[in-house]
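Presented below is the structure to which this report refers.
The values are calculated or read from the model by the stated rules, or taken from the named source; none is laboratory data. Remember, predicted model here, so these are calculated numbers, not experimental data. Cβ: placed from backbone, ideal geometry, glycine included. Neighbour counts: every protein chain shown. Just the protein is used for accessible areas: all its heavy atoms, side chains included, with ligands, DNA and RNA removed. Shrake-Rupley method; radii C 1.70, N 1.55, O 1.52, S 1.80 Å.
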Amino acid sequence: MLIRAVIHHLNDIETCFQEIFRILKRGGSCMIQDRTPDDCLVEGSTEHIRGYFFTKYPQLVEKEISRRHSGENVRDALKHTGFETFSEHTLWETRRNYKTRQELFDDVINRTGRSILHELNDYQLQDLVDYLKEKLPGHQPIVEKDRWTIWKADKK
């Protein structure tokens, strides 16, 4: 069973994991992929654009952290649910390839696929794009990546 980018929408992940454990056959595995606060708050770079959002607008950090489960919380919930073995790994996934900087800037202005940007008004979005222009001078193409954590849990 694979659960991708779901648990950050849930306040009570243990109840979710209990249901997964219940329906899994003995010997079955569950893979959970989501971002932890540590994944989201990686420093900004030409590949990790999201990090620049939090540098420019630190008030977004609290909002981002409030909707994410820490790795420790996920591990504890898996353990309390009855999973006996589990592992945790990080993965860098290509979010999008931009042929030009302008493609990235248009994507940010349109808030495409980045719900955290709905916390900013149009003026702040333009200010963020101007900031990105400073941080990404002349970098083309841009390969944007996001870091994820993956937990694999086995039912014995």
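Results, tabulated for the structure shown:
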{"quantity": "Residue selected from the range 32-54 under the condition in contact (Cβ under 8 Å) with a residue 24 or more places away in the chain and surrounded by fewer than 15 Cβ atoms within 10 Å (Cβ to Cβ), by the criterion nearest to ASP127 (Cα to Cα)", "calculated": "THR46"}
{"quantity": "Single condition PHE105 does not satisfy, out of (1) farther than 30 Å from ASP12 by Cβ; (2) part of a loop (DSSP other than H, G, I, E, B); (3) of a type outside the set (Val, Ile, Thr)", "calculated": "(2)"}
{"quantity": "Checking TYR52 against (1) farther than 21 Å from GLU134 by Cα; (2) in a helix (DSSP H, G or I), the condition it does not meet", "calculated": "(1)"}
{"quantity": "Residues of the range 61-95 classified as surrounded by 15 or more Cβ atoms within 10 Å (Cβ to Cβ), under 14 Å from the mean Cα position of the chain (by Cα) and in contact (Cβ under 8 Å) with a residue 60 or more places away in the chain, total", "calculated": "3"}
{"quantity": "Residue check for LEU120: at pLDDT 95 or above and open to solvent by less than 70 Å² (accessible area, probe 1.4 Å)", "calculated": "yes"}
{"quantity": "Lone qualifier among HIS118, HIS139 - being of a type outside the set (Lys, Arg) and within 24 Å of GLN33 (Cα to Cα)", "calculated": "HIS118"}
{"quantity": "Selection count, the range 7-45, where residues are in contact with a helix residue (DSSP H, G or I) (Cβ under 8 Å, 6 or more places away or on another chain) and within 17 Å of ASP146 (Cα to Cα)", "calculated": "13"}
{"quantity": "Tally, over the range 11-20, of residues that are open to solvent by 50 Å² or more (accessible area, probe 1.4 Å) and touching a residue at least 12 places away in the same chain (Cβ under 8 Å)", "calculated": "2"}
{"quantity": "Condition check for ARG4: among the basic types (Lys, Arg) and either without any contact (Cβ under 8 Å) to a residue 24 or more places away in the chain or under 14 Å from ASP146 (Cα atoms) (or both)", "calculated": "yes"}
{"quantity": "Residue match in the range 21-36 (condition: closer than 23 Å to LEU91 by Cβ, assigned to a helix (DSSP H, G or I) and not hydroxyl-bearing (Ser, Thr, Tyr))", "calculated": "no"}
{"quantity": "Criterion violated by HIS89 - all others in (1) more than 21 Å from LYS135 (Cβ to Cβ); (2) in a helix (DSSP H, G or I) satisfied", "calculated": "(2)"}
